[in-house]
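Here's the structure we're looking at; comments come further down.
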Amino acid sequence: MTTLITNAKLINPEAGTVTSGAVLIRAGVIAEVFASPDPQLSTDTVPTNARIDAGGKYLAPGLVDIGVKICEPGERHKESYGSAGQAAAAGGVTTIVTRPDTTPAVDTPETLEFVRRRANEAAPVHVLPMAALTKGRNGREMTEIGFLMDAGAVAFTDCDSVVRDTKVLSRAMTYARALGALVVGHPQEPILSQGAATTSGKFASLRGLPAVTPMAERMGLDRDIALVEMTGVRYHADQITTMRALPSLQRAKTNGFDVTAGISMHHLTLNEFDVADYRTFFKVKPPLRSEDDRQAVVEAVKTGLIDVIGSFHTPQDEESKRLPFEEAASGAVGLETMLPVLMRLYHSGDLDLPTLFRALSLNPAKRLGLDSGRLAKGAPADLVLFDPDKPIILDRFRLRSKSKNTPFDGARLQGKVLQTFVSGTSVYRSA
């Protein structure tokens, strides 16, 4: 198949540029990137019906979303690979990297094979599974990392179930280092953060909610970095959300450790006051932070200290959320809402589009060793065409996810995905 997308504004996160141009897609890859918005190609080369006029809208590499929870196996009523794949396509996400915190956990090659088969059958986007670092995510015995890698695992994580036994974690990291595996950690001191629903401070005290100090994140990160120094493993911190943790991250990078870090869309765009009067759709893990923390992590994304932005898509049904704040389940859906929500940072002048797509597409692809995330000749034609200025009012009941637990229900946003391409094939087109 051949497709020519003309009259587009091309976002190149590698070069850090936005330029007018056109892109030729052939056999699932980008065959050419033109500096002219309307290259004169014959109809023999590109038939008329294979030309798409972008109308001056923005074309960028598709989003690579690390840390997506799909509730198969075990809780298919919350989210399936089919519904998540449709939500991803509508949100411009062309690759979803799934978490192993399912029921049961993805901790054996057999379970991983089931996940891959279901994903390939049902999802219109690329699905790459992560596997558990320890059996059952219980932190007592490491999984068969080598066998799981052979079965297709791209990284290993126990998600928010922090491994408390440092000896078990060090052995798992040592084994992962020998195999070149990527370990994804959740930087939290597990005792301090246990049962927390908010970040400690005046707001938490006024609401009478159990809280965790921001230092718990710093302490968890410091421990993980010490183990990285000891073992030499490739390490990615799933979410760095506080200014207290940033100096530790900076030191690790300055010292040359193979360390990267991510953050969620929610911690970049919301703060603790959004919880207001116990609004459980705003309960996420880690909990929302102070405005000072939010501004600090936005600046860290801008400078490249924080490498990756993810949705941390966590579907929860109504019964899990319609509870008192302390008892309600944590998490929010984000596959379909991530791009329009993050346009808030673009319109506020905090982050430009190349910087956003560096963190949304290029950096996560590089961390996983993928060729995608680039707008360059020879790269996979995983692309998103979007209008950053299109006003929308988000209606959670129109989301394609089975679960509707978004904190942005009713929010006025600017930004709309117009079309999504996976390997050169259009998998979504807005009405």
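The values are calculated or read from the model by the stated rules, or taken from the named source; none is laboratory data. Just so you know, these numbers come straight off a predicted model, no measurement behind them. Cβ atoms come from the backbone with ideal geometry, glycine included; neighbour counts cover every protein chain shown. Only protein heavy atoms, including side chains, enter the accessible area calculation; ligands, DNA and RNA are left aside. Shrake-Rupley method; radii C 1.70, N 1.55, O 1.52, S 1.80 Å.
What's the percent breakdown of Cα-Cα distances in segment 120-185 across 5 Å bins, shortest bin first?
Bin by bin from 0 Å, the calculated values are 4, 18, 29, 23, 12, 8, 4, 2, 0.
Given a 1.4 angstrom probe, I'd like the percentage of the accessible area of segment 35-155 that is carbon and sulfur, rounded to a whole number.
Solvent-exposed carbon and sulfur of segment 35-155 make up 48 percent of the total.
Under a plain spin-label model, where a point goes 7 Å from the Cα along Cα-to-Cβ, how far apart in nm are Glu144 and Glu327?
4.2
Once you have the Kirkwood Rh of segment 331-428 from its Cα pairs, apply Stokes-Einstein at 37 °C and 0.692 mPa s and quote D in µm²/s.
Values: Rh = 14.7 Å.
In µm²/s, the coefficient is 224.
Quick one: if you take sqrt(5λ) for each eigenvalue of the C-alpha gyration tensor of the chain, what semi-axes come out, biggest first, whole angstrom?
Values: eigenvalues 230, 119, 89 Å².
Equivalent ellipsoid of the chain: 34, 24, 21 Å, largest first.
Who wins for biggest fluctuation among Pro13, Pro214, Pro391 in a Gaussian network model of the chain, springs between alpha carbons below 10 Å?
Pro391
For the chain, what is the accessible area per residue in Å² when the probe is 1.4 Å?
The answer is 39 Å² per residue.
Compute the long axis of helix 338-347 from its Cα atoms, compare it with the longest principal axis of the Cα atoms of the chain, and write down the angle in degrees, 0 to 90, nearest 10.
Long axis of 338-347 versus the principal axis of the chain: about 80 degrees.
Taking the Cβ-Cβ separation of Thr17 and Arg51 as r and a Förster radius of 22 Å, what is the calculated FRET efficiency to the nearest 0.05?
Result of the calculation: an efficiency of 0.35.
Show His186, His347 ordered by accessible area, largest first, where the area counts protein heavy atoms only and the probe is 1.4 Å.
His347, His186
For Asp352 and Asp38, FRET efficiency with R0 = 35 Å and r from the beta-carbon atoms, rounded to 0.05?
The calculated FRET efficiency here is 0.85.
Rounded to two decimals, what is the ratio between the C-alpha radius of gyration of segment 275-380 and 2.2 N^0.38 Å?
Here the answer is 1.25, to two decimals.
Residues in segment 227-242, backbone N under 19 Å from the label point at Ala178 (7 Å along the Cα-to-beta-carbon vector): list them, ranges by number please.
Of the residues in segment 227-242, 227-235 have backbone N under 19 Å from the label point off Ala178.
Using a 1.4 angstrom probe on heavy atoms only, work out the carbon and sulfur share of the accessible area of segment 327-393 in %.
The nonpolar share, carbon plus sulfur, comes to 45 percent.
As a test of the formula, what do you get for the chain when each DSSP H run with n ≥ 4 contributes -39,500 (n - 2.57) and the sum is divided by the residue count, at 222 nm and rounded to the nearest 500 deg cm²/dmol?
Result for the chain, helices only: -8000 deg cm²/dmol.
Output needed: percent of Cα pairs per 10 Å distance bin for segment 160-304, bins running from 0 to the one holding the longest distance.
12, 41, 32, 13, 2
Quick one: angle between helix 215-231 and the longest Cα principal axis of the chain, in degrees between 0 and 90, rounded to 10, please.
Approximately 80 degrees, to the nearest ten.
Which angle from 0 to 90°, rounded to the nearest 10, does the C-alpha axis of helix 291-303 make with the longest principal axis of the chain?
Roughly 50 degrees between the two axes.
Which of Thr280, Thr48, Thr269 ends up with the largest GNM mean-square fluctuation for the chain, with Cα atoms connected below 10 Å?
Checking each option, the largest mean-square fluctuation is seen for Thr48.
If you average the alpha carbon positions of segment 2-75 and of segment 204-266, how far apart do those two centres end up, in angstrom?
First find each Cα centre; the distance between them is then 35 Å.
Pop a pseudo-label 7 angstrom from the Cα along the beta-carbon direction at both Arg429 and Asp371 and give the gap in nm to one decimal.
Calculated label separation equals 2.7 nm.
Counting only C-alpha contacts under 8 Å and six or more residues apart, can you give the relative contact order of the chain as a whole percent?
Answer for the chain is 20 percent.
GNM on the chain, C-alpha springs below 10 Å: top fluctuator among Val154, Val64, Val184?
For the chain, modelled as a Gaussian network with Cα springs under 10 Å, the answer is Val154.
Please give the Cα centre distance for segment 123-149 versus segment 402-420, rounded to the nearest Å.
30
Could you calculate the FRET efficiency of Val29 with Ile392 from 1/(1 + (r/R0)^6), where r is the beta carbon distance between them and R0 is 30 Å, rounded to 0.05?
0.40
Give me the net charge of Pro13's neighbourhood, meaning all other residues with Cβ under 11 Å from the Cβ of Pro13; Lys, Arg count +1, Asp, Glu -1.
+1
Check Tyr428: other-chain or 5+ apart residues with amide H under 5 Å from its amide H, H built from backbone geometry?
Those lying under 5 Å, H to H, from Tyr428 are Thr420.
Accessible area of segment 157-220 with a 1.4 Å probe: how many percent of it is carbon plus sulfur?
52
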